[in-house]
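FYI, it's all coordinate maths here, none of it is from the lab. Remember, predicted model here, so these are calculated numbers, not experimental data. Neighbour counts are summed over all protein chains in view; Cβ atoms, including those assigned to glycine, are modelled from backbone coordinates with ideal geometry.
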Amino acid sequence: MTDGPGPRPPSGPFDDQGRLTRGRRSSGLASPVDGGPAGASPAGGWSAGSSPAGGWPAGGSPGGWAAPAPAPLNWTRSGPISLGATGPFSGPLTLAGGLTGGRRRKRQTVSGFDPVVRGRGLARLSRRPQPTTASQLQRACVRWVVTMWAMVILLQRFSVPGSPVALLVPASLAWCAYGLVRGVLEVDRYRFGWWLGAAGVSALIVPVQYAFVPRPIVSMNSWGLLLITWLVFVFHLRDRRRETYLRALAGMLRISLVQATLVLVFMASQLVTPYQDWLAQIIPSNLLLQGYTLAYQFSYGSPWYRSNGWIGLETSFTSIQLVLGIIAALLLRRKLPVILYLLAALASTGAQSGTQMLGVAVITILFSRMRWALARYLVLVPTLVAFLVSPLGRNTVTRLTEGTNANTSTGQRSTLPYELAWSPWVHHPLWVLFGRGPGSSQQMADDSHITGVIIPTPIKLFFDYGVVAGLALGVCLLFMFLGGPSRAYSLAMISSYWLFQPGTSILLVITVPLFITWWTPRSYPALESEFVPSPNAAFVPAQTRRTRTELLS
C-alpha cells in the first residue's frame, strides 16, 4: 500500500527553498539542468514542468529518476544568465550583466612600482606586441637606451636643415615619443610638474623684463630652445632595475669602443694622408652645424691634429663621450685591454674636458666601498708615465698648467665668461633681480669678439633670468643630476657641465637622462656601495658584514 503519490519534479531549476537544483538520472540520461537537450524527457514522455498522467510511483520516479538534490550557485561572472523560465511576452527570462566584484587580481610589477601591462598610455597606439614580462621589458629598455646612445654619437654634427638647431633636439624628442608608444618609457608626473613650473616662471619673467629692465635683450627662440632641450627630463624608463642598468651600460660601452676605433683610425690616417673632413665633403653644408672647431693641431707647427673621429662635433665633446664609456668599463670591471684601448682614444683627442671628468669619477670610486675594483688597473701607471713624456703627452702636461688667462681654452671656459658677465650684471640691480633676457649672455659673449668663449650654465641662468627665475631653474636642473644608479656619473657630469661646459647644449644635456635621470627613482643602492674585496683579502681580517657584489668581472 502506498502512502500517496511520490515527489513531483520541480517546475523549474529551483526547489521549494529557492536553491538551484540539478536532476540526476541513474540510467545516464542527462536532465535539462545538467546540460541535456532542451525539452528532453524520460521514457514516460513528460516534459520539463509537468508530470506523468498517472502520478509518480512510490519511492521514486519512472525510469529511475532520483530526487533532485540542491546544488550551490555556480553562475558565470559575466554575460547573461538563464533563469530557466519563460515570460509572457519576451520568451525565456535571462539576467543580464552577470556577477561582478570580488578581489582584483594583483598586477605583475617590475622593481616594485612599474606595472607590466599591455597597452598602457600611448602604448595603445602601437600595433606591435608590448612587453608583458620582466625579461621582455628588460630587452626592450636596453635596446631603446643603447640605440639612443648610438644616435647621440652619430648625429652630433647634424643640424635641422637651414637652421643652427642641432638635429638631436627633434630626434631625441621623437625617440622619446617612440619609447612611449613602444611601452618602454613613461612620463614622470613629478618631473613633468617641475618642468611646467620652470617654464611658467621663466615665461612670466619676460614681461617683467620688458617693463622694468633697462635695455633688455629678449630672444624667445633662446627661451623656447632651452625648455624644449630640458623636456627630455620628464620621462623615466619602466624597467629601472639594477640588472637592466648594467646591461644598458654594457651595450653603451660597445658603442663607445666603436667610437674609439674611429678616433684611433683618424690619428693613424694622418701618417699617410693629410687631414681631410670627409663628412663635410659628403654631407651638404646646410645639414651640418657650423661654428665649431672640429680638429686642430696639438701645438703650433705640429703635424698632429686632435682627433674627433670625423663624426665628432668638437674634440672636447668626443673626449666627454669616450670618458662616459670609460666610466662604464670601470663600473662593469672590464679587463685591462678595454680600459687601455679607450684611454688611447681619449689621449688622441688631446682635450682636457674628458680627462677632468675621468679624474672626478676615479676619485669618487676611490672613496667608496668599490675602491678595490681599481686595483687591477694599477699596472697602467707605467704606461701613463710613458705617455706623458711622449710628444702627445707633453701637450697634455702643458694644458694642465696653462693657467686661466683669456688666451687659453681653460680660461675661456672657466674664468673669462664670469669676468665678462660680472661687471655689466652687477652694474644694474634690476639685471641682478630679473635678468637681462633670454639669450642676452650669448649676445654679450659675441659682442666681446673673443673667439672660443663658452657660457657656462650658471651664467646662462642668472644673467638671462636673474636671481628670481634663475634660482628656480637652477634648482630644477640640478635635481636632474641626483638619485642616479652611479655616483661617479653624477659627480663627473655635474663638475663639468656646471663649471666648464655649456650645460644647456643638447649634446651634453641628453647624456644626463641616459645615464642618470631616466633611471630614477631607483629601489637599490648605488653601484659604488657594492663591496669589492681587496686583492690581498687572504691577509686581511674578515669582513664583519656580509659581502655582496653582483658585478661580473
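Neighbouring Cβ atoms within 10 Å as the yardstick, rank His428, His449 fewest first.
Details: His428 14, His449 7.
Arranged by neighbour count, lowest to highest, His428, His449 become His449, His428.
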Using a simple spin-label model with points 7 Å from Cα along the Cα→Cβ vector, what separation in nm is obtained for Leu374 and Val467?
-> 3.8 nm
Taking r as the C-beta separation of Thr132 and Gln276 and R0 as 45 Å, the FRET efficiency to the nearest 0.05 is 0.35
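As an exercise, use a Förster radius of 30 Å and the Cβ-Cβ distance of Tyr300 and Ala386 to find the FRET efficiency, rounded to the nearest 0.05. Show your work: numbers first, answer last.
On the way: r = 25 Å, r/R0 = 0.82.
Efficiency computed from Cβ-Cβ geometry: 0.75.
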Counting only Cα, what are the radius of gyration and maximum Cα-Cα distance Dmax of segment 144-531, in Å?
-> 21.0, 63
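With +1 on the Cβ of every Lys and Arg and -1 on the Cβ of every Asp and Glu, and nothing else charged, how large is the dipole of segment 144-531 about its Cα centre, in debye rounded to the nearest 20?
1080 debye
How long is the gain from Leu231 to Leu204 if the chain were fully straight, where each residue apart is worth 0.36 nm and the alpha carbon distance is subtracted? Working shown, then result.
Working: separation 27, 0.36 × 27 = 9.72 nm, distance 1.85 nm.
The span from Leu231 to Leu204 would gain 7.9 nm if fully extended.
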Rounded to the nearest 0.05, what FRET efficiency is calculated for Arg189 and Leu154 with R0 set to 30 Å and r the Cβ-Cβ distance?
-> 0.40
In nanometres, what is the gap between the two model label sites at Leu287 and Ala268, each 7 Å from Cα along Cα-to-Cβ?
-> 2.9 nm
